[in-house]
Amino acid sequence: MTVPKLQSFVLDTTDARRLAEFYRQLLGLEYRKGDEPPPAGSGDQRETGWLVLLPPDGSWRLAFQQTDGVRPTSWPDAEVPQQAHLDTSVDSVEELDRQHERVLELGGTLRFDRRDDPDEPLRAYADPDGHIFCIFVA
C-alpha cells in the first residue's frame with residue numbers, strides 16, 4: 001500500500017516575506033530557488049503570495065501563504081486555540097536559554113515557559129503572526 005508523503009507545513013500570514021525571514025533565520029533554512037528576497041534596496045517585486053523554505057538537505061518544506069488576515073492564537077488561553085504548532089529541539093537547557101534570546105530578537109513572543117521542568121524543559125513562543133512553536137530540550 002502507498003501513502004501520501006508529507007511535503008510541506010504551510011503557515012498563513014499577512015506578510016509572507018516577513019514570516020519566511022523569521023523562520024529562515026530561526027531555523028537556518030534556505031529559500032527554494034526563485035523565492036529568495038531581492039537585493040537590498042531594490043524592493044520586493046516578486047510574487048510573495050507563496051514562499052518556500054528548505055533545510056540544506058531538502059528533506060521537508062516550510063511554506064508561507066499570503067492571506068488577507070490571520071487571527072493569532074491566544075494559547076495558552078483557550079479563546080483562540082493553537083490548532084497546529086511546530087516542535088523544535090535543542091540539546092541542553094543552556095542552548096534553550098540561548099535560543100530564547102534569539103527568538104525574542106527575531107520578533108517572537110514567549111507564551112509558555114517550562115524551562116525548569118526536570119523531565120522535559122521547553123518554551124513555547126508565538127511567531128510574528130501568532131503561530132505557536134516550541135523549543136524542547138531533547
Name the pairs whose Cβ atoms lie under 8 Å apart, with the first residue in segment 78-90 and surrounded by fewer than 12 Cβ atoms within 10 Å (Cβ to Cβ), the second in a loop (DSSP other than H, G, I, E, B) and modelled with pLDDT under 90, and 6 or more positions between them or separate chains?
Gln83/Thr73
Qualifying positions in segment 94-105 - surrounded by fewer than 17 Cβ atoms within 10 Å (Cβ to Cβ) and touching a Phe, Trp or Tyr at 6+ places or on another chain (Cβ under 9 Å)
Leu104
Being in a loop (DSSP other than H, G, I, E, B) and touching a Gly at 6+ places or on another chain (Cβ under 7 Å) is the filter here, so list the residues in segment 56-86 that pass it.
Val70, Pro72, Thr73
Looking at (1) in a strand (DSSP E or B); (2) of a type outside the set (A, V, I, L, M); (3) in the same structural domain as Tyr23 (by TED's automatic domain parsing), which one does Ser89 not meet, given that it meets all the others?
(3)
Pairs, first of a type in the set (Val, Ile, Thr) in segment 1-19, second at pLDDT below 90, C-beta under 9 Å, six or more apart
Thr13/Val70; Thr14/Gly69; Thr14/Val70
Inspect segment 120-127 for any residue being within 19 Å of Thr13 (Cα to Cα), surrounded by 18 or more Cβ atoms within 10 Å (Cβ to Cβ) and out of contact with any Lys or Arg (no Cβ under 9 Å at 6 or more places or on another chain) and give the result as yes or no.
yes
Asp113 passes all but one of (1) assigned by TED's automatic domain parsing to the domain that holds Gln25; (2) part of a strand (DSSP E or B); (3) among the acidic types (Asp, Glu); which number fails?
(1)
Just checking, how many residues over segment 97-132 are under 17 Å from Asp77 (Cβ atoms) and among the hydrophobic types (A, V, I, L, M, F, W, C)?
5
Going by what's in this entry, would Glu95 be described as free of Cβ contacts under 8 Å to residues at least 24 places away in the same chain and either in a helix (DSSP H, G or I) or in contact with a helix residue (DSSP H, G or I) (Cβ under 9 Å, 6 or more places away or on another chain) (or both)?
no
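The values are calculated or read from the model by the stated rules, or taken from the named source; none is laboratory data. All values derive from a computational prediction rather than experimental measurement. No Cβ is skipped: glycine too gets one built from the backbone with ideal geometry, and neighbour counts run over all protein chains shown.
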